[in-house]
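For reference, the structure discussed in these notes is given below.
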Amino acid sequence: MKIVCIGGGPAGLYFALLMKKLGPHHDITVVERNKPYDTFGWGVVFSDQTLDNMRQWDAETAAEVQQAFNHWDDIELHFKGRVIRSGGHGFVGIGRKKLLNILQARCEQLGVKLAFEQDADSDLDYPDADLIIASDGINSRVRNRLPEVFQPDIVTRPNRYIWLGTNRLYDAFTFLFEKTEHGWFQAHVYKFDEKTSTFIVECPEHVWLAHGLDKADQQQSIDFCEKLFASNLQGEKLMTNARHLRGSAWLNFQRVKCANWSHFNGNSHVVLMGDAVHTAHFAIGSGTKLALEDAIELVRQFKTLGDTADRIPQVLQKYQAVREIDVIRLQNAAWNAMEWFEVCGERYCDQLEPEQFMYSMLTRSQRISHENLRLRDKAWLEGYEAWFAGRTATPGARPPMFTPYTLRSVTLKNRVVVSPMAQYSAVDGRVGDYHLVHLGARAMGGAGLVMVEMTAPSADSRITHGCPGLWNDTHTADFKRITDWVHTQSDAKIGLQIGHAGPKGSTCRPWQGAGMDQPMAADDPEGNWPLLAASSQPYLPHGIVPQAMSRKDMDRVTADFVASTQRAAQAGFDWLELHCAHGYLLSSFISPLTNHRTDAYGGSLENRLRYPLEVFAAVRVAWPEHLPMSVRISAHDWVEGGITPADAVEIARAFKAAGADMIDCSSGQVSAKQKPTYGRMYQTPFADRIRQEAGIATIAVGAISEADHVNSILAAGRADLCAVARPHLANPAWTLTEAARIGFTDIAWPRAYVSGKSQLEAGFARERALQTATKGD
Ligand SMILES: Cc1cc2nc3c(=O)[nH]c(=O)nc-3n(C[C@H](O)[C@H](O)[C@H](O)COP(=O)(O)OP(=O)(O)OC[C@H]3O[C@@H](n4cnc5c(N)ncnc54)[C@H](O)[C@@H]3O)c2cc1C
Ligand SMILES: Cc1cc2nc3c(=O)[nH]c(=O)nc-3n(C[C@H](O)[C@H](O)[C@H](O)COP(=O)(O)O)c2cc1C
């Protein structure tokens, strides 16, 4: 085959040499516009794992790289006068020039033609090539020539960065944070050869502009950074090798991804590789890794499917199918890490103490979890656990999940909440044996707080006929039976979620008809009822049209909430949550998708919050001062024009000002048009943002299904409590089970169940031992 690689970066060179090795008869040329030893940039970093991968494909290159690289294990943070270091992270740093020279030399050795100082205009320049590798970097001309074919999706990010070098040598991957009068700067620093370290300085656009760096030339920018990091640089200079860049040397990162990676141009098959097809932010240092692994995968496919010209279409198809998955995974992690650095100045630097800031930074990509950190550096993690526990006056190291949490006069024994879950099993609003068993079992299952499902302050505010209510003395007595049981038979606390269904009321139980939120038929023998909402808009197109609330309706509903709250106190609940989420009555006021009022209760967010805040204030007065109150909100409507996470911060601030202790951060269910992005812990970013920006405690909820999730969230300060719903349907003793799974034994079981404890713990211990042994094979 005749193969041309346009672009002699890591992708083009490494593919060329591996392909030549696979089939020495192939005629392979790498066309590069620069001179052989001419490149900008300093060091690049990749993981031990990438090097292992390279070793399997070309031991010679891997050995050369190994000779030249700098290996280090530690990450060090310099923040607010503190230096914190943790180990076990395993990185390899190498000069970009050195890496390219190794690849170039190996190409020549194997017989790849290297054509330097040739600027390729387009893939059409090489009509006799069977295959053209477009490894021409982030601004790929080949990709840009045919946007309709490759369908690139390019996002320019807001932060500014400058890639510098220094002769000050660092013995860890070092992160420096410095505050100026305009905001925070950070530097990502690592040594890559005996004399030099890479020194990337980054800051938000507004901080960069405020310092006039948009008008600064290269030297002025360097002078600025030297002054900013002077105490750390210890007299060493910062250097640039990108003097060819005109004007400011500060760049914006561009995230590139493409729907199609290859194409037939009429003469040759063309395939994108490396930065030309995808980029990953330097926050997790994986651009070079991706480029090298692309090259490996394409060669693997030629090896598997045959390295003849007729196999090219299948090879290219398989190459994209396989690589795409890994690339998306890595790009997601890189995106999280990048966002962390974009918001850290506003969200974390001033809010978190250095210990927690370090933890948050280490877990920024959300790929590294609590238990993963334990594997990397047990001593550091245990030190951190002890620090975290110490803040709750608990001696020794224990997973954050099992530290107590105190709000007003209530202390929860741990940080797990059984999230409120409608059971549709009440009769005339009355809870009975079903609820005693359901809630009782979960109270015995180890969670610190068990929340009762949404409970209605009046008969017409229920979701279904099966929903519980708290509007008469019988209801109070029924609930008292349950709270008494929980308080005498367990050390869990029990809370009530109070809420009015609003436009989502008078529906069938989910198992009765076509699923959730389906309106009852007009002739349903149980009988339906008229609905209230902020505006007369049904939740589903075929739903009952609610009546927009009048002031009189508002007064009546507020009075119902207050009476119900007084009953909740009489019934002995420890905690009250006001339901302002999921499109129910109070939520219907907050969201612009459901509130179209033109009076003082519609329009601006301030107006839309007015009634929910009135209800909150009235309820707070009725609820005993010494007991806590949380508010559940939908922090994202997942619909264009709806509530955004930025609005959610404002909503949280308003409830905080009204006296709320905590925000329970759910999302969605406000509009049937929602398009949520589900995934592990997918709503936790809202809890995190609200906690840091509104300065109020939060509950994270949503796809939190392992102790490892809970510990990672709490330890990073993303929330104060974690609510777990569906896993508690499968397993009432979810908390006790998870404790045993991670080997945490200092947890009380119900006294009659104790003989099950050591058995469960031994079973999990065996499982862990087996896993460790298998990993070692
Ligand atoms: C500040 C910064 C820090 C980074 N840090 C890291 C890191 O720590 N770890 C890491 O893995 N990655 C890092 N990267 C990313 C990394 O540099 C790239 O992801 C990697 O180099 C991609 O390799 P590539 O071969 O696809 O593209 P490139 O390395 O960009 O190579 C493309 C080559 O094509 C040539 N070329 C382009 N157009 C033409 C043309 N028309 N004709 C001929 N030649 C052409 C260019 O001159 C260049 O040599 C960083 C990037 C930046 C910007
Ligand atoms: C059966 C069921 C009933 C629910 N009922 C309520 C409810 O009454 N009030 C509420 O705020 N959320 C309710 N939710 C939402 C949960 O509290 C929780 O926010 C959601 O299920 C996400 O958590 P998970 O991923 O742990 O299940 C319910 C969820 C389920 C599965």
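Values quoted throughout were computed directly from the atomic coordinates according to the rules given, and no laboratory measurement underlies them. As the structure is a prediction and not an experimental result, all values here were calculated from the model. A quick note on method: Cβ atoms are made from the backbone with ideal geometry, for glycine too, and the neighbour counts reach across all protein chains shown.
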Once you have the Kirkwood Rh of the range 629-692 from its Cα pairs, apply Stokes-Einstein at 4 °C and 1.567 mPa s and quote D in µm²/s.
-> 109 µm²/s
Reciprocal of mean inverse Cα separation for the range 208-346 (Kirkwood radius, Å) | 18.2 Å
Return, for the Cα atoms of the range 50-119, the radius of gyration and Dmax in Å, separated by a comma.
-> 17.0, 54
Binning at 5 Å from 0, report for the range 487-529 what percent of all alpha-carbon pair distances ends up in each bin.
-> 5, 18, 18, 17, 9, 8, 11, 10, 3, 0
When the range 323-452 is reduced to its Cα atoms, the Kirkwood hydrodynamic radius in Å | 18.1 Å
HN-Hα couplings for the range 158-165 via Karplus (6.51, -1.76, 1.60; θ = phi - 60°), in whole Hz with x for Gly/Pro, come out as x, 6, 10, 9, 10, 9, 10, x
Can you give the helix-only mean residue ellipticity at 222 nm for the chain, where every DSSP H stretch with n ≥ 4 adds -39500 (n - 2.57) and the sum goes over all residues, rounded to the nearest 500 deg cm²/dmol?
-> -12000 deg cm²/dmol
Near residue 227, which aspartates and glutamates are there with a Cα under 16 Å away, not counting those fewer than 8 places off in the same chain?
-> 178, 181, 202, 217, 236
In nm, spacing of pseudo-spin labels at residue 751 and residue 372 (7 Å Cα→C-beta vector) = 4.4 nm
How much space per residue, in cubic angstrom, does the convex hull of the C-alpha atoms of the range 588-729 take up?
-> 118 Å³
The range 87-149 - Rg and Dmax from Cα coordinates, angstrom = 16.1, 52
Rounded to two decimals, what ratio of Rg to Rh does the range 502-561 give with C-alpha atoms and a Kirkwood Rh?
-> 1.01
Over all alpha-carbon pairs in the chain, figure out the percentage whose distance exceeds 40 Å.
-> 46 percent
May I ask you to work out the translational diffusion coefficient for the range 146-242 at 4 °C, viscosity 1.567 mPa s, via Stokes-Einstein with Rh from the Kirkwood sum over Cα pairs, reported in whole µm²/s?
-> 89 µm²/s
Could you grab the relative contact order for the range 360-423? Cα pairs under 8 Å, six or more apart, rounded to a whole percent.
-> 16 percent
Ratio Rg/Rh, restricted to the range 83-229 and using Cα atoms, in which Rh is the Kirkwood radius | 1.05
What is the order of 564, 409, fewest Cβ neighbours within 10 Å to most?
-> 409, 564
Dipole in debye (nearest 20) - the range 121-269, about Cα centre, beta carbon charges: Lys, Arg +1; Asp, Glu -1 | 400 debye
In degrees between 0 and 90, to the nearest 10, how far off the longest principal axis of the chain does helix 645-657 point, with axes built from Cα atoms?
-> 40 degrees
Selected from 49, 545, 262, residue furthest toward positive end of dipole (the chain; charges at beta carbon) = 49
Whole Å is fine, so just give me how far the alpha carbon centre of the range 597-657 lies from that of the range 678-709.
-> 18 Å
Considering only DSSP beta bridges where both residues belong to the range 1-157, give the percentage that are antiparallel (nearest 5).
-> 50 percent
Distribution of pairwise C-alpha distances over the range 435-478, 10 Å bins, in % | 26, 45, 27, 2
Can you put 182, 25, 636 in order, fewest other beta carbons within 10 Å first?
-> 25, 182, 636
Along its principal axes, what span do the Cα atoms of the range 651-729 show, with the longest given first and each in whole Å?
-> 34, 34, 21
Relative contact order in percent for the chain (Cα pairs under 8 Å, 6+ apart) equals 9 percent
Looking at the range 191-295, which trypsin sites (Lys or Arg not before Pro) are DSSP coil and have at most 15 other C-beta atoms within 10 Å of their C-beta?
-> 195, 215, 237, 243, 246
Dipole-positive endmost among 668, 213, 570 within the chain (Cβ charges, Cα centre) | 570
DSSP bridge pairs, the chain: antiparallel proportion in percent, nearest 5 = 50 percent
When 378, 21 are ranked with the fewest other C-beta atoms within 10 Å first, the list becomes 378, 21
Measure nothing fancy, just the Cα-based angle from helix 473-489's long axis to the longest principal axis of the chain, in degrees from 0 to 90, nearest 10.
-> 60 degrees
For the range 717-777 and the range 337-368, what is the separation of their C-alpha centers, rounded to whole Å?
-> 28 Å
So for the range 1-81, Kirkwood radius off the Cα pairs, Stokes-Einstein at 10 °C and 1.306 mPa s: how many µm² s⁻¹?
-> 105 µm²/s
Roughly how many debye, to the nearest 20, is the charge dipole of the range 17-88 about its Cα centre, given +1 on each Lys and Arg Cβ, -1 on each Asp and Glu Cβ, and no other charges?
-> 280 debye
All lysines inside 17 Å of residue 504 as judged from Cα atoms, apart from same-chain residues fewer than 8 positions distant = 673
Rounded to whole Hz, the Karplus (6.51, -1.76, 1.60) HN-Hα couplings of the range 725-734, x for glycine and proline | 9, 3, x, 6, 6, 6, 8, x, 9, 4
Beyond 27 Å (Cα-Cα) in this structure, taken from 191/378; 215/237; 179/413; 493/675; 35/318, we find 179/413; 493/675; 35/318
In debye, nearest 20: dipole of the chain around its Cα centre with unit charges on the Cβ of K, R (+) and D, E (-)?
-> 680 debye
Which of 696, 682, 724, positive extreme of dipole for the range 654-741 (C-beta unit charges) | 682
For the range 303-374, count the residues as N, evaluate 2.2 N^0.38 Å, and divide the Cα radius of gyration by that value, please.
-> 1.76
Using only the Cα atoms of the range 262-319, construct the convex hull and provide its projected area averaged over every direction, in square nanometres to one decimal.
-> 4.1 nm²
Hey, how much of the P(r) for the range 678-777 falls beyond 15 Å, as a percent of Cα pairs?
-> 67 percent
Under the Karplus relation with 6.51, -1.76 and 1.60 and θ = phi - 60°, whole-Hz ³J(HN,Hα) for the range 606-615, x at Gly and Pro, equal 4, 5, 5, 7, 4, 5, x, 6, 4, 5
Please give the direction-averaged projected area of the C-alpha convex hull for the range 62-166, in square nanometres with one decimal.
-> 11.5 nm²
Cα long-axis angle, helix 754-776 against the chain (0 to 90 degrees, to the nearest 10) | 10 degrees
Separation of the residue 37 and residue 605 label points, Cα + 7 Å toward Cβ, nm = 5.7 nm
